[in-house]
1. Can you name the number of the only condition in (1) at the interface with chain A (Cβ under 9 Å from one of its Cβ atoms); (2) in contact with a Gly (Cβ under 8 Å, 6 or more places away or on another chain); (3) over 21 Å from B:Ile70 (Cβ atoms); (4) of a type outside the set (Val, Ile, Thr) that B:Ser183 fails?
2. Does A:Asp171 satisfy the criteria of being in contact with a strand residue (DSSP E or B) (Cβ under 9 Å, 6 or more places away or on another chain) and either surrounded by fewer than 21 Cβ atoms within 10 Å (Cβ to Cβ) or at pLDDT 95 or above (or both)?
3. Name the residues in the range A:82-103 that are in a loop (DSSP other than H, G, I, E, B), of a type outside the set (Gly, Ala, Ser) and touching a residue at least 24 places away in the same chain (Cβ under 8 Å), would you?
4. Whether any residue in the range A:38-56 is over 18 Å from A:Gly12 (Cα atoms), under 19 Å from the mean Cα position of the chain (by Cα) and part of a helix (DSSP H, G or I) is what I want to check.
5. Please indicate, with yes or no, whether at least one residue in the range A:260-274 is touching a Lys or Arg at 6+ places or on another chain (Cβ under 7 Å), facing chain B (nearest Cβ under 7 Å), charged (D, E, K, R) and within 28 Å of B:Leu134 (Cβ to Cβ).
6. Go through the range A:231-259 and give me each residue that's more than 27 Å from A:Ser96 (Cβ to Cβ), out of contact with any helix residue (DSSP H, G or I) (no Cβ under 6 Å at 6 or more places or on another chain) and more than 7 Å from chain B (Cβ to nearest Cβ).
7. For the list (1) in contact (Cβ under 8 Å) with a residue 12 or more places away in the chain; (2) surrounded by fewer than 24 Cβ atoms within 10 Å (Cβ to Cβ), I need the number of the one condition that A:Asp46 fails.
8. From the list B:Arg52, B:Arg4, exactly one residue is basic (Lys, Arg) and closer than 18 Å to B:Ser86 by Cα. Which is it?
Protein chains: 2
Amino acid sequence: MGVRSIGIVGLGLMGGSIGLSLKKLYPQTSIVGYDHNLTHIKEAKDLNLVDRLADNIEEIWQCDLAILAIPVDSIISIIKQINNISQNTTIIDMGSTKKLICDSIPDAIRSNFVATHPMTGTEKSGPTAAIDGLYNGKTVVLCDVDKSGEHQQEVVKNLYEALGMNIIYMDSTSHDQHAAFISHMPHAISYALANTVMRQEDPKSIVALAGGGFRDMSRIAKSSPVMWESIFRQNRINVLDSVKHFKQELDAFEKMLNDENWDGIKKWMTDANSLHDIL
Amino acid sequence: MGVRSIGIVGLGLMGGSIGLSLKKLYPQTSIVGYDHNLTHIKEAKDLNLVDRLADNIEEIWQCDLAILAIPVDSIISIIKQINNISQNTTIIDMGSTKKLICDSIPDAIRSNFVATHPMTGTEKSGPTAAIDGLYNGKTVVLCDVDKSGEHQQEVVKNLYEALGMNIIYMDSTSHDQHAAFISHMPHAISYALANTVMRQEDPKSIVALAGGGFRDMSRIAKSSPVMWESIFRQNRINVLDSVKHFKQELDAFEKMLNDENWDGIKKWMTDANSLHDIL
């Protein structure tokens, strides 16, 4: 990849997992971690997620490649504080929203920065959730790359290819619209489903009756509220739009069920089945 | 289990899978299959799901144990046609709804019948979806068993224990209320989500951006429309009630997002997280 040192800010699921993979991929490269949470630091140390831990965040900006694996609101705060970096430094974020982040990158570091969104994760969070292989075989979206330096684009391409990822390119506005429908709104639905069932059902019935369908549909309702609050905050308008569309579909089902329109319901389910041709 | 012959009506996912497991568990017992779909018969034969195929359904009623693994509407039609069976014959259904089925069992065969709902399955259907081990480690609900004969209760208990299932007992009215919240409404949500995304997004974006969350949440939208139409038909009132409750949760989220009530959204997600303590 041509970098001698990699710094990771945030040693949770995303940062810890990339640390584990990069240590294996680049044994000659120094992988330095930073986290503002003392428990995370201790866990990251015990789990050997990085080669060493930085005493302060300035050490990260001295690395050839700095990876921001923190909630999207924190990305915006932190990039405003970066200064005094080399022209060859590459900085990437891995946030689930892209438009506000891209708009917030200071001009002084714009060519250093590459905005990325690896489409991977689990419902778990923190250093103990980190797993090697989290990125392998998944897609990563690179946004507004024409504003990143050529060297930086090359570093990031090499990084994600080495991790076994499929790279796609998109402008940050389109990314946030698509991500609202395919990722953010489904998370809101999962949270709503979990709350509905827990408010209406006793734990004993839930455990007894939960089949694979409910387990799969409620899994991401266990995701971190801190992380998701900031995603919903940054992609608020698109998420409201996608929720509106989802509610129209559910209302259509409710009306057909109320009217006992079985032909309509069967057609509606058959339409949904066609997802099978894609995924 | 004390039965010499087992008949299975319907050789799809549920019937085919139980056939495979019973052939292994009871090599001395004759496992006979019946299906009204000629393609299913051919597939079941090729896949060796049962020992032999019956020429007509009457052969199934001559078995010591008859298993109805067909859509819930078909269960109600078929049980009205059963007659001339031995006092010791056991008949079970495996439908996802229980109240209307229990109410439809003719008096003449009421003690022969045990109403059951194995909480297992996949989004796939038909004989080719059958897998050995589908039942192992899962829960099965037995409903209104006080109306079943003692011998029949014993046969069914032995059957499901042999399959490695955890048996729970419930009245059919309660079953249908719980199943609406924990299984039927989540299926409606998955169908609605799949339709929303497919109507708003192009296939290329869906494939590129779908992470584990969306894949899990849309998986059961691939389920059989024929099977689910009859479930929604039979459990219509409870499903309407559960959809109403779900919409209240989603409306609450939408309002908080619209009002930028971030503390409210964080608390709402933290409430949903507590599902983690149960499942």
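The values are calculated or read from the model by the stated rules, or taken from the named source; none is laboratory data. The structure presented is a predicted model; accordingly, all values stated were derived computationally and were not measured. Using ideal geometry, Cβ is built from the backbone for each residue, glycine included, and neighbour counts are taken over all protein chains shown.
1. (3)
2. Values: in contact with a strand residue (DSSP E or B) (Cβ under 9 Å, 6 or more places away or on another chain): yes; either surrounded by fewer than 21 Cβ atoms within 10 Å (Cβ to Cβ) or at pLDDT 95 or above (or both): yes.
It is true that A:Asp171 is in contact with a strand residue (DSSP E or B) (Cβ under 9 Å, 6 or more places away or on another chain) and either surrounded by fewer than 21 Cβ atoms within 10 Å (Cβ to Cβ) or at pLDDT 95 or above (or both).
3. Residues of the range A:82-103 that are in a loop (DSSP other than H, G, I, E, B), as a first pass: A:82-89, A:94-98.
Narrowing the set further to residues that are of a type outside the set (Gly, Ala, Ser) leaves A:82-85, A:87-89, A:94, A:97-98.
Residues satisfying the conditions are A:Ile82, A:Asn83, A:Ile85, A:Gln87, A:Asn88, A:Thr89, A:Met94, A:Thr97, A:Lys98.
4. Just the residues of the range A:38-56 that are over 18 Å from A:Gly12 (Cα atoms), to begin with: none.
No, there is no match, as no residue in the range A:38-56 is over 18 Å from A:Gly12 (Cα atoms), under 19 Å from the mean Cα position of the chain (by Cα) and part of a helix (DSSP H, G or I).
5. Taking the range A:260-274 first, the residues touching a Lys or Arg at 6+ places or on another chain (Cβ under 7 Å) are A:262, A:273.
Still in the running and facing chain B (nearest Cβ under 7 Å): A:262, A:273.
Now narrow it down to the ones that are charged (D, E, K, R): none.
Looking through the range A:260-274, none of the residues is touching a Lys or Arg at 6+ places or on another chain (Cβ under 7 Å), facing chain B (nearest Cβ under 7 Å), charged (D, E, K, R) and within 28 Å of B:Leu134 (Cβ to Cβ).
6. Correct list: A:Asp251, A:Ala252, A:Lys255, A:Asp259.
7. For A:Asp46, the exception is condition (1).
8. On the way: B:Arg52 fails: closer than 18 Å to B:Ser86 by Cα.
The conditions single out B:Arg4.
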